[in-house]
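Visitor: One structure, as structure tokens, below. Some questions next.
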There are 4 protein chains.
Amino acid sequence: MESNAHRREFRTIALIGKYQSRDVAEALSTLADFLRERGHTVLIEQGTAGATGTAGYQVASLDEIGSRADLAIVLGGDGTMLNTARRIAGHEVPLLGVNQGRLGFMTDIPRGHMLEKVVDVLEGRYEEEGRLMLDAEVLRCGERVFRNAALNDVVLNKGDLGRMIEFQVRVDGEYLYNLRSDGLIVCTPTGSTAYALSANGPILHPSVPGIGMVPLCPHALSNRPITVGDGCVIEITLVRPHDARVHCDGQARFDVHGGDILHITRSQHRVILLHPPGYSYFHMLREKLHWSDAPKKH
Amino acid sequence: MESNAHRREFRTIALIGKYQSRDVAEALSTLADFLRERGHTVLIEQGTAGATGTAGYQVASLDEIGSRADLAIVLGGDGTMLNTARRIAGHEVPLLGVNQGRLGFMTDIPRGHMLEKVVDVLEGRYEEEGRLMLDAEVLRCGERVFRNAALNDVVLNKGDLGRMIEFQVRVDGEYLYNLRSDGLIVCTPTGSTAYALSANGPILHPSVPGIGMVPLCPHALSNRPITVGDGCVIEITLVRPHDARVHCDGQARFDVHGGDILHITRSQHRVILLHPPGYSYFHMLREKLHWSDAPKKH
Amino acid sequence: MESNAHRREFRTIALIGKYQSRDVAEALSTLADFLRERGHTVLIEQGTAGATGTAGYQVASLDEIGSRADLAIVLGGDGTMLNTARRIAGHEVPLLGVNQGRLGFMTDIPRGHMLEKVVDVLEGRYEEEGRLMLDAEVLRCGERVFRNAALNDVVLNKGDLGRMIEFQVRVDGEYLYNLRSDGLIVCTPTGSTAYALSANGPILHPSVPGIGMVPLCPHALSNRPITVGDGCVIEITLVRPHDARVHCDGQARFDVHGGDILHITRSQHRVILLHPPGYSYFHMLREKLHWSDAPKKH
Amino acid sequence: MESNAHRREFRTIALIGKYQSRDVAEALSTLADFLRERGHTVLIEQGTAGATGTAGYQVASLDEIGSRADLAIVLGGDGTMLNTARRIAGHEVPLLGVNQGRLGFMTDIPRGHMLEKVVDVLEGRYEEEGRLMLDAEVLRCGERVFRNAALNDVVLNKGDLGRMIEFQVRVDGEYLYNLRSDGLIVCTPTGSTAYALSANGPILHPSVPGIGMVPLCPHALSNRPITVGDGCVIEITLVRPHDARVHCDGQARFDVHGGDILHITRSQHRVILLHPPGYSYFHMLREKLHWSDAPKKH
């Protein structure tokens, strides 16, 4: 966690709700009214405004939010956070997540404590945490044909045919392996507790500057997940005649063909998460993974 | 890898052989003669001198080697490297490993190319790599009763009785979990390809500043390995009435009892490995793990 | 292994080559001539005849082979064996596999010893082994819309969208679980060394009358593969609104929708494999999985 | 489950409590009085009588219970069931488990429903299930030096020194592999949900006639658990100069040395478990493993 000695000022605050969900309408309107009363300029993300029917506030696209907002409060789950993060990545607008269902890994304010925790943050009682993102691009015959960002993971997996694919992986230009498998998950520490974990990947604490590479059903039984430094350039070349698919955070996808190269690097932008007092990464882990969390006496 | 712009000077060179092994006698004597002829001062580690019967050279303890040598050449396997590293850790004498059997993860000079590769290094053609080590200490009623270093791992495991143990883990003072298991491996990136890998831990590239925590047969099936930053303080408290054992690199061990606290931090010293030209970490991985290593055409 | 006290008579022998492959032409023609000379009636599978250009022999469909042949010799790999087994399952024609590349799990005669091993079998020196197969059918609104057999596995996995699917599993009518995952592999002992093994499933020796159920990237980290008795009825209901795909041996596939029920039972037919002298299941395992196979002295 | 057409008669009923535990005193006395009133002859296991101070009933050793009782009711956890099963194995006295803490895999009557469920059983409303046991013996220079039974597992693991051991495994005389590892778990279906599960072994439904072999931290990363038929003879020879330890159900243990042979076969006796109405193996699994168990609507 970084210190927040230079307290941020939150003049303009954007509210972003879960995609096409009416459920957040009430919380959204409560929050918007509350913020306006405290003198903040409130922006409602345009899709959210449409889905919830919230009126009386400025409506803004994610792009506008990126350039105008001092803070974006996300009402939803991790999926909404991921989408917001990927779309406004270039602006490093700090994000604050209010959970709308089960506790999320990133939306750490419980719905029932929304206003109280938001006040904490507005008054400077928060910790600020930078999370690394990945940039993914696909090169075909030397041309870039796809580009996107990911806060969780870039996944290459078998496409429609459902057959094992083969690809070659290089790290900083050095040959790592040819992998025959269902695919490969390249994840950030944030993503290490998402899809990668189901595929037997290791948990990376967000403070570790590493990128995880987790194979999906590898043909070679001795294959294992590997974590490389976050400054590495990862280059994955799909072997002909395989077809496959690239997914960014499970939200953007692109079809790739034999010979295509998937380039993955750390993004130059980070996602800034704000955590109100009481946040604990390990507590979240225990809750989500159902680890025993009762410290026994001894 | 770090640049070696400031080329080291190797005036005094120590030779260390595999523990109580006569097998290295010939290679050792070849190498000692060769180095003396080139004008270097040669030290033979005293146990090595005894086991091999090498005569005509200065004999030195590992402590003396630590304080006098500019370079230590290890003839043996990874076990010899680990022991040497742990014992001369405070001095940061660079280590060069000549393998005496199967390729080692750390002894990357094959026996058949010994002189040629040693010359490369002596003439400055090498890469220098720092590997993090761990400091382990056991606190009992506030007193330190054990202290040692580890280049691979500090392992807490069940002792004689062979029953599951329980312990509480804190990271930087924050509660992580109570774990009931056969034990816990706390490993460096170097150790991530050793015992931890057999226990389903993730591979950490040596450039990742992380420490792996890999449970041994955890009772909670949702438990998973986790990698934390290498600046963390890891504190493991054995729950009463369990007894257990602490191992450093599988070489030093100590019995612990309920209430004892095992403290693990990054050592302030690093192990300096020198790699002659042609070294590749990934190549070593493929060789040792029998991954497919033939880059296919595409 | 069952005894073969009642020695089979092999009057009519069918030859089946790898799909659309010319590579087997020479071996095929050598074998056909050899068998004709010994007085056997030789049938060439029609696709094989087309691909290899073999002339001068009776050409037969797989159906005809099923009803007419006393023995089918497959020249190819495990894929060819799987396809043949699935297609002539109802007839229990014994199969003998001649390998055309890397050693197969089922094609245990090496190419270089073809004639000699075939003679062994023709003269009664073989072991006969029955392998269980699965019957899969999909029920939609009470109607059967798909049916196929599998010697390796029936796989339900996420379809085009690439999102996690959810389904409910019942075994003999009893509720097992709702699983959110990338899918589920239901495998025979034969299939336990195929795809299921990459997904961390257990190896089942062919003599164990069990069916393995191996989840693909399960969301619940405590989920584990489970083996049930081979007399069980497995019923998998896809939860709405998920779409998914069913694969039999990775060769036949079918799209399923929310509400569809996938019914899996042991087939009433078995695949009969003939093994010439020297066959060892464990030897095959060691070879294919690169386990250490040198019995050490002790 | 087997039918219980030939209803058993339960004249003499033994009560066995958790080892050296006073906690079961009240339940024990309630149950003993209740059974005496219904006209049954009640035996109290002698250790249980001592620990709980229960008076006024016949006290019997486990051996006597084996030869005299028609039913043994165990008040404790799985550990008490395991110990009872191993000790009275030769007599096939049916066992009924009343749980005294967390739900057990084998003690399926919750404490709060004890009398009502016991009545169900006494009146013939139960299912009877046979569970296979293992016989383990150690041969040293041709002499048998240890013999015991196991309902869960026979474990060979590294002893005091804490170093990897090596052993050779044969199944029905056929060479399987030389394994270098922390050890090997050989488990029954009953034991597949115990220690073996923590070591990544597969769950075997109790109806599957198989024996699981699950390596502990195997050195060869491609090694996997394997299930063989329950009629197999498993022979494990410890390679010199390794020392190791054999455990039966984690309760009996024996030190073995290089050259010793551990022989494991299915016991000729089975454990007979009685389950009152409402018992479900899968329900137990979900409860113990925290799998999602809410059947979703669809």
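The values are calculated or read from the model by the stated rules, or taken from the named source; none is laboratory data. These numbers were taken from a predicted model, which means no experiment stands behind them. Using ideal geometry, Cβ is built from the backbone for each residue, glycine included, and neighbour counts are taken over all protein chains shown. Heads up: the accessible areas ignore ligands, DNA and RNA and are worked out on the full protein's heavy atoms, side chains in. Shrake-Rupley method; radii C 1.70, N 1.55, O 1.52, S 1.80 Å.
Visitor: Based on Cβ point charges of +1 for Lys and Arg and -1 for Asp and Glu, what charge dipole magnitude is obtained for chain B about its Cα centre, in debye rounded to the nearest 20?
Guide: I would put it at about 480 debye.
Visitor: Averaged over D:194-202, how many beta carbons belonging to a partner chain fall within 10 Å of each residue's beta carbon?
Guide: Mean number of neighbouring Cβ atoms from other chains: 6.
Visitor: State whether the range D:155-298 is rounded, prolate or oblate according to the following rule on the C-alpha gyration tensor (a ≥ b ≥ c being the square roots of its eigenvalues): a/c under 1.5 gives rounded; otherwise a/b larger than b/c gives prolate, and the remaining case gives oblate.
Guide: Working: a/c = 2.16, a/b = 1.79, b/c = 1.20.
Note, shape of the range D:155-298 comes out prolate.
Visitor: Can you list the distances in nanometres, one decimal and ascending, from the D:GLU287 label point to the identical position in each other copy, with the point 7 Å along Cα to Cβ?
Guide: Inter-copy label distances (nm, one decimal, shortest first): 2.8, 4.9, 5.5.
Visitor: On to the next question. Keeping the other protein chains in place, figure out the carbon and sulfur percent of the accessible area of the range D:133-268, with a 1.4 Å probe.
Guide: The value for the range D:133-268 is 46 percent carbon and sulfur by accessible area.
Visitor: Filter D:LYS18/D:LYS288; C:LYS18/C:LYS288; A:LYS158/C:LYS18 down to the pairs with a C-alpha to C-alpha distance above 22 Å, please.
Guide: A:LYS158/C:LYS18
Visitor: Please report, for C:GLU92, the nm distances (one decimal) from its label point, 7 Å out from Cα along the beta-carbon direction, to the equivalent points in the remaining copies, shortest first.
Guide: For C:GLU92, the other copies' label points sit at 3.1, 7.4, 7.6 nm, shortest first.
Visitor: In peptide D:278-285, what is the residue-averaged number of other protein chain Cβ atoms found within 10 Å of each Cβ?
Guide: 3
Visitor: Please name which of C:PRO209, C:SER29, C:ASN148 has its Cα lying farthest along the dipole of chain C towards the positive end, using unit charges on Cβ (Lys, Arg +1; Asp, Glu -1) and the Cα centre as origin.
Guide: Looking along the dipole axis, the top candidate is C:PRO209.
Visitor: So, in Å, what gap is there between the alpha-carbon centers of the range A:90-127 and the range C:57-97?
Guide: Centre-to-centre distance over Cα atoms comes out at 64 Å.
Visitor: Right, another one. What does the charge count around D:ALA51 come to, taking other residues whose C-beta lies under 10 Å from its C-beta (Lys +1, Arg +1, Asp -1, Glu -1)? List each step's numbers first, then the result.
Guide: On the way: positive: D:LYS18, D:ARG22; negative: D:ASP23, D:GLU45.
Local net charge: 0.
Visitor: Within the set of other residues whose C-beta is less than 10 Å from the C-beta of B:VAL138, count the net charge using Lys and Arg as +1 and Asp and Glu as -1.
Guide: Around B:VAL138, the surrounding residues sum to -1.
Visitor: Okay, next question. Place the label 7 angstrom along Cα→C-beta at C:GLU174 and in each other copy, then list the distances from the first to the rest in nm, shortest first.
Guide: In ascending order, 3.2, 4.3, 5.3 nm.
Visitor: Roughly how many Å² is the accessible area per residue of the protein assembly as shown, as a whole number, for a 1.4 Å probe?
Guide: Per residue, the protein assembly as shown has an accessible area of 39 Å².
Visitor: Let me ask something additional. How large a share of the accessible area of the range C:1-130, in percent, is made up of carbon and sulfur atoms when the probe is 1.4 Å and the other protein chains stay in place?
Guide: 42 percent
Visitor: To continue, here is another question. Among bridges DSSP assigns within the protein assembly as shown, what percent are antiparallel (round to 5)?
Guide: In the protein assembly as shown, DSSP labels about 75 percent of beta bridges as antiparallel.
Visitor: Please work out which residue of chain A brings its Cβ closest to the axis of the rotation superposing A onto B, and round that distance to whole Å.
Guide: Residue and rounded Å distance to the axis: A:PRO202, 2.
Visitor: Oh, and also: Once the dipole of the range B:133-268 is set up with Lys and Arg at +1 and Asp and Glu at -1 on Cβ about the Cα centre, which of B:VAL239, B:THR190, B:ILE226 lies farthest towards its positive end?
Guide: B:VAL239
Visitor: Suppose every K and R has +1 on its Cβ and every D and E has -1 on its Cβ; what is the size of the dipole of the protein assembly as shown about the Cα centre, in Debye to the nearest 20?
Guide: Working: 128 positive and 144 negative charges, 1 e Å.
The dipole of the protein assembly as shown has a size of about 0 debye.
Visitor: Write out the GluC sites (Glu not before Pro) in the range B:1-73 meeting two conditions: DSSP loop, and at most 16 other Cβ atoms within 10 Å of their Cβ. Intermediate values should be presented prior to the final figure.
Guide: Details: sites: B:GLU2, B:GLU9, B:GLU26, B:GLU37, B:GLU45, B:GLU64; in loops: B:GLU9.
Sparse-neighbourhood loop GluC sites (Glu not before Pro): B:GLU9.
Visitor: A follow-up question, please. Taking each residue of A:244-255 in turn, how many C-beta atoms of other protein chains fall within 10 Å of its C-beta, and what is the average?
Guide: 1
Visitor: With each run of n ≥ 4 DSSP H residues scored as -39500 (n - 2.57), what mean residue ellipticity at 222 nm is computed for chain D after dividing by its residue count and rounding to the nearest 500 deg cm²/dmol? Please report the intermediate quantities before stating the final value.
Guide: Values: 7 runs with 59 residues, N = 298.
Value at 222 nm, helices only: -5500 deg cm²/dmol.
Visitor: If you count only protein heavy atoms and use a 1.4 Å probe, how large is the accessible surface of C:ARG180, to the nearest 10 Å²?
Guide: 70 Å²
Visitor: Roughly how much accessible area, to the nearest 100 Å², goes out of reach of solvent when A and B pair up, both sides summed, probe 1.4 Å?
Guide: Accessible area lost upon association: around 3700 Å².
Visitor: Continuing with this model, one more query. May I ask what percent, to the nearest 5, of DSSP beta bridges between residues of chain C are antiparallel?
Guide: The antiparallel proportion sits near 75 percent.
Visitor: Find the eigenvalues of the gyration tensor of the Cα atoms of chain A, then list the square roots of 5 times those eigenvalues as equivalent ellipsoid semi-axes, largest first, in whole angstrom. Could you put the intermediate results ahead of the total?
Guide: Numbers: eigenvalues 258, 98, 57 Å².
Rounded to whole Å, the semi-axes are 36, 22, 17.
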